Amino acid sequence: MPYIRRFHCYLVRYEIEISQTGTGPKTLAKRLLLMRTGLLGGSFNPAHGGHRKVSLFAIEALGLDEIWWLVSPGNPLKSKAGMAPVEARVASAVRQARRAPIKVTAIEQQIGTRYTVDTLRTISRRYPKREFVWLMGSDNLAQFHLWRSWRTIARTMPIAVIARPGYEGEAIASPAMAWLRNNRVSAESFRSSGRWSAPTLVTLRFDPDPRSATAIRRDNPDWANAMQTRNLRDHVTHRLIKPDQAAIHSGHDQ
C-alpha cells in the first residue's frame, strides 16, 4: 500500500508540473525520478524505536522515498560523558533501521564538515539526483536562529519540523519561525508538489513516543559493548566506519 500511495503522489506531481510549467515529458520524467530523501541528524546514543517510528511517519506524511540517519561524530550541546563511540551508535541505528527505507550514515565523519550548514551543502552537491528535506524537532526550531548560517540552511533545502511536546510555544515564538512563516506549506501540498524549493517550512504533528535514549542508557549503561561494530559499513558511502576519534565536529546544532 505505501508504494501505491507513493506512485499516486508521482502522478499528481506530474499533472501539476505539466499544468504549471508546460515542461516536456522527457525533462519532467528526469525531474520526477529524483529520489526524495529526508535527512535526520542526531547522536543516536543509542538509536531506538522512537527514531524509527518518527522516521516512518515522516516518510508517509511527506511522500519520501527514504530517510538518511546522519549519526553525528559529536554534539557540543551535549555532555561527552556517556557518549558512546560513533561505531556503536551507528550499529544501534543499523539495528533499528532494518527492513525499513532508512539508511544509516556517518558521512560527517568522512567529509570532515564542522557545521550543519556545510554538511547539508556538501550532501546536496554530492547527490544531485536526490531532493532533500531537513527534518528537525520543534525543540531545534526554537533555537534554530542560534545555529551558524541558519538562513543559508533554510535556503539550501526545505525543512520539516516535527512537533515535540513542551516546545511548541517556544518554536512558534522563535525568530526562525518569524522569518519562515511566509514560506509555510501543508504536508499535503509539499507531498504532491512537482518541485521542491527553499526556503520552505512544513510542520508535522506527531504523537509523542515515550522511548528515549536517556532512559535506555540509565537502564543499560553498557549497551554500547553489546553492539557488533566489526566491518560495519556506511549505508550511503559504503565505506567502513572508522573507530571513534576525539570529537572534532560539532554535530547537528550550529
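Only one of the listed residues (SER192, SER174, SER186, SER197) is over 19 Å from the mean Cα position of the chain (by Cα), more than 30 Å from MET83 (Cα to Cα) and among the hydroxyl-bearing types (Ser, Thr, Tyr). That residue is SER192.
Do any helices (runs of 4 or more DSSP H) entirely within the range 82-176 hold 2 or more residues that are more than 28 Å from ARG230 (Cα to Cα), and if so, which?
Details: elements: 86-96, 107-111, 116-126, 138-142, 150-156, 168-172.
Counting at least 2 such residues, we get 116-126, 138-142, 150-156, 168-172.
From the list ASP234, ASP209, ASP244, which one is acidic (Asp, Glu), in contact with a Leu (Cβ under 9 Å, 6 or more places away or on another chain) and touching a residue at least 60 places away in the same chain (Cβ under 8 Å)? First the steps, then the outcome.
On the way: ASP209 fails: in contact with a Leu (Cβ under 9 Å, 6 or more places away or on another chain); ASP244 fails: in contact with a Leu (Cβ under 9 Å, 6 or more places away or on another chain).
Within the list ASP234, ASP209, ASP244, the selection yields ASP234.
Across the range 117-145, the number of residues qualifying as closer than 19 Å to ASP234 by Cα and crowded, with 20+ Cβ neighbours inside 10 Å comes to 4. Whether any residue in the range 230-239 is out of contact with any strand residue (DSSP E or B) (no Cβ under 8 Å at 6 or more places or on another chain), more than 18 Å from ASP139 (Cβ to Cβ) and not aromatic (Phe, Trp, Tyr) is what I want to check. The answer is yes, given that some residue of the range 230-239 is out of contact with any strand residue (DSSP E or B) (no Cβ under 8 Å at 6 or more places or on another chain), more than 18 Å from ASP139 (Cβ to Cβ) and not aromatic (Phe, Trp, Tyr). All of (1) in contact with a helix residue (DSSP H, G or I) (Cβ under 6 Å, 6 or more places away or on another chain); (2) crowded, with 20+ Cβ neighbours inside 10 Å hold for ALA154 with one exception: (1).
ALA224 passes all but one of (1) of a type in the set (Gly, Ala, Ser); (2) part of a loop (DSSP other than H, G, I, E, B); (3) closer than 17 Å to VAL71 by Cβ; which number fails? With (1) of a type in the set (Gly, Ala, Ser); (2) part of a loop (DSSP other than H, G, I, E, B); (3) closer than 17 Å to VAL71 by Cβ applied to ALA224, the lone miss is (2).
Just so you know, all these numbers are worked out from the coordinates, no wet-lab data involved. All values reported here derive from a predicted model rather than from experimental measurement. Please note: Cβ atoms are built from the backbone with ideal geometry, for glycine as well, and neighbour counts cover all protein chains shown.
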